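Let me begin by presenting the structure, written as structure tokens, before commenting on it.
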Amino acid sequence: VQLQASGGGLVQAGGSLRLSCAASRSILSIGAMAWYRQAPGKQRDLVARMLSGGSTTYTDDVKGRFTISRDNTKNTMYLQMNSLKPEDTAVYYCGAAYRGSNYWGQGTQVTVSS
């Protein structure tokens, strides 16, 4: 599975961004897809996850602000990020679990200025 993440950028606090993750195969065939982020000097943490059946989970930090979704016809997963805060600044990665292996996109930088 190849994943291509895009949509990062520089935004002021309170602004919005939408990240995209295009998969090389049908996302319905993928067990779980997720967004992670890694800030400088910190570990990579889960932000949001969507299972193949459509159920979603979010880390507490982003609940009510971020929404994970997908377009099955485009084999693309999204992360809508609203009310962004400076502490959301990180490299965001999309990941997928497929047939016992984990796959990662290349990461996209999100920078939120105060």
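The values are calculated or read from the model by the stated rules, or taken from the named source; none is laboratory data. Predicted model, so just to flag it, every value in this text is computed and none were measured. Here Cβ is always computed from backbone atoms with ideal geometry, including for glycine, and neighbour counts include all displayed protein chains. Surface areas here come from the heavy atoms of the whole protein model, side chains and all, with no ligands, DNA or RNA. Shrake-Rupley method; radii C 1.70, N 1.55, O 1.52, S 1.80 Å.
Students often check this: by mean Cβ neighbours within 10 Å, which of 97-103, 5-11 ranks highest, and how do the rest follow? Before the final figure, lay out each step's value.
Working: 97-103: 11.7, 5-11: 16.3.
Per-residue Cβ counts within 10 Å, averaged per peptide and sorted highest first, yield 5-11, 97-103.
Just the number please: accessible area per residue for region 64-114, 1.4 Å probe, all protein chains included, in Å². Let's see the in-between values first.
Details: 2500 Å² over 51 residues.
With the other protein chains kept in place, region 64-114 gives 49 Å² per residue.
Please get the size of the charge dipole for the chain, origin at its Cα centre, with Cβ charges of +1 on Lys and Arg and -1 on Asp and Glu, quoted in debye to the nearest 20.
220
Using a 1.4 angstrom probe and counting only protein chains, how large is the accessible area of residue 73 in Å², to 10?
120
In nm, what is the difference between 0.36 nm times the number of residues separating residue 51 and residue 80 and their Cα-Cα distance?
Numbers: separation 29, 0.36 × 29 = 10.44 nm, distance 1.71 nm.
So the chain would gain 8.7 nm between residue 51 and residue 80.
Would you be so kind as to identify which of 76, 15, 90 lies farthest towards the positive end of the dipole of the chain, taking Lys and Arg as +1 and Asp and Glu as -1 on Cβ and the Cα centre as origin?
Selected residue: 76.
Would you kindly state how much longer the chain becomes between residue 104 and residue 10 on full extension, computed as 0.36 nm times their sequence separation minus their alpha carbon distance, in nm to one decimal?
Working it through step by step, the gained length comes to 31.6 nm.
Which lysines have a Cα lying under 16 Å from the Cα of residue 85, excluding residues fewer than 8 positions away in the same chain?
Cross-link targets: 63.
Tell me, what % of the accessible area of the chain is carbon and sulfur with a 1.4 angstrom probe?
On the way: 2640 of 5950 Å².
After summing per-atom areas, the C and S share lands at 44 percent.
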